[in-house]
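Structure provided below as structure tokens; questions to follow.
The values are calculated or read from the model by the stated rules, or taken from the named source; none is laboratory data. Computed from a predicted structure; not experimentally measured. So basically every Cβ, Gly included, is an ideal-geometry build from the backbone, and we count neighbours across all protein chains shown.
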Amino acid sequence: MNILIDWDNLPLLERRKGVKYIVEKVLLAVAPGVVQPPARVSARLYGGWYEVSRPTRLAQLLASDVQRDFPAVLTMPTKSGTHQLTAAAELAYALCVAPNAHLFHTYRSRRGAGSVRVDAQYQQGCGQTTCFATQLHQFLDTKACPLQGCTATIQAILVKEEQKLVDSMLGIDLVHAATTGIESVLVSEDDDLLPMVQYALLAGARIVHVYHTRKPNPLYRPHLKGSYSSCSI
């Protein structure tokens, strides 16, 4: 069984409890639907682990966490009692089919506001000259501070941190699992992954979708045909 974890998609308070805690919680959630408990599970953590070609600080911390706690012998509840299994974990630096070909530059900082804008009904603010909504609109529209004498630009002030390649890497690993016959447990609430989930199902994958706060989007759930089930943690 492969457990594919979209790490940054988990709530921060849960992530702070560590990788082993998350894996144990996932096993507890999926246990009722498991017919034959596996002897071994492999957890892969997906995220923006490289800033250019250097591991990010978070990647270093998680790698240390994984090295300390894994491999581990964990317990999964069953109808007849409990079942012990061996769990391994790793950061997903590369595709499963090419583990030595690391994908770099997956964590990036982008300056400016991008496509963010102030909604039309708030562009005029409340009528007061110091209304923040009006100043915010001017700031995003002109890319410069609206206050007289201030030379700050939007590129200097705003920084957006983002991940690249991560969703597609996870999706390709789902499809690869379909060719190997290994059951996949997807831990994510990101709707962007659902087309790849659908493709993996059509390719014969067995997928258990684990979510944290909400079920998969009902707009897309009817399209997920095949060996698909979901549960919450």
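Could you go through region 142-152 and let me know if any residue there is under 27 Å from residue 101 (Cβ atoms) and not in a strand (DSSP E or B).
Initially, region 142-152 is screened for residues under 27 Å from residue 101 (Cβ atoms), giving none.
No: region 142-152 contains no residue that is under 27 Å from residue 101 (Cβ atoms) and not in a strand (DSSP E or B).
Then there's this: Restricting to region 98-153, count the residues that are of a type outside the set (Gly, Ala, Ser) and under 30 Å from residue 173 (Cβ atoms). Step through it out loud before you land on a result.
Here is the first cut: in region 98-153, the residues of a type outside the set (Gly, Ala, Ser) are 99-100, 102-108, 110-111, 116-119, 121-124, 126, 128-132, 134-143, 145-148, 150-151, 153.
Remaining after also requiring under 30 Å from residue 173 (Cβ atoms): 99-100, 102-108, 110.
Counting residues in region 98-153 that are of a type outside the set (Gly, Ala, Ser) and under 30 Å from residue 173 (Cβ atoms) gives 10.
Does residue 156 fit the bill of being part of a helix (DSSP H, G or I) and out of contact with any Phe, Trp or Tyr (no Cβ under 8 Å at 6 or more places or on another chain)?
Spelling it out, residue 156 is indeed part of a helix (DSSP H, G or I) and out of contact with any Phe, Trp or Tyr (no Cβ under 8 Å at 6 or more places or on another chain).
Any idea which of (1) loosely packed, with under 14 Cβ neighbours inside 10 Å; (2) modelled with pLDDT of 85 or more is the one residue 121 doesn't satisfy?
(2)
Answer yes or no as to whether residue 113 is modelled with pLDDT of 85 or more and either over 14 Å from residue 47 (Cα atoms) or touching a Gly at 6+ places or on another chain (Cβ under 6 Å) (or both).
Answer is no for this residue.
Residues are listed down the side, and each one gets a yes or a no for (1) part of a helix (DSSP H, G or I); (2) in the same structural domain as residue 22 (by TED's automatic domain parsing); (3) touching a Lys or Arg at 6+ places or on another chain (Cβ under 8 Å); (4) closer than 24 Å to residue 107 by Cβ:
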site	(1), (2), (3), (4)
168	yes, yes, no, yes
171	yes, yes, no, yes
174	yes, yes, no, yes
186	no, yes, no, yes
193	yes, yes, no, yes
198	yes, yes, yes, no
218	no, yes, no, no
225	no, yes, no, no
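Ok, one more. Kindly evaluate residue 157 against the criterion of being more than 17 Å from the chain's Cα centre (by Cα), within 20 Å of residue 109 (Cα to Cα) and among the β-branched types (Val, Ile, Thr).
yes
So that you can scan it fast, the table gives a plain yes or no per residue for (1) touching a strand residue (DSSP E or B) at 6+ places or on another chain (Cβ under 9 Å); (2) farther than 28 Å from residue 8 by Cα; (3) surrounded by fewer than 12 Cβ atoms within 10 Å (Cβ to Cβ):
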| position | (1), (2), (3) |
| --- | --- |
| 125 | no, yes, no |
| 138 | yes, yes, no |
| 142 | no, yes, yes |
| 146 | no, yes, no |
| 158 | yes, no, no |
| 164 | yes, no, no |
| 169 | yes, no, no |
| 184 | yes, no, no |
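Next up: Could you check, for region 153-173, whether at least one of its residues is at positive phi, out of contact with any Cys (no Cβ under 6 Å at 6 or more places or on another chain) and without any contact (Cβ under 8 Å) to a residue 40 or more places away in the chain? Break it down into steps so the answer makes sense when it comes.
The initial filter retains those residues of region 153-173 that are at positive phi, namely 165.
Still in the running and out of contact with any Cys (no Cβ under 6 Å at 6 or more places or on another chain): 165.
Still in the list and also without any contact (Cβ under 8 Å) to a residue 40 or more places away in the chain: none.
Taking every residue of region 153-173 in turn, none turns out to be at positive phi, out of contact with any Cys (no Cβ under 6 Å at 6 or more places or on another chain) and without any contact (Cβ under 8 Å) to a residue 40 or more places away in the chain.
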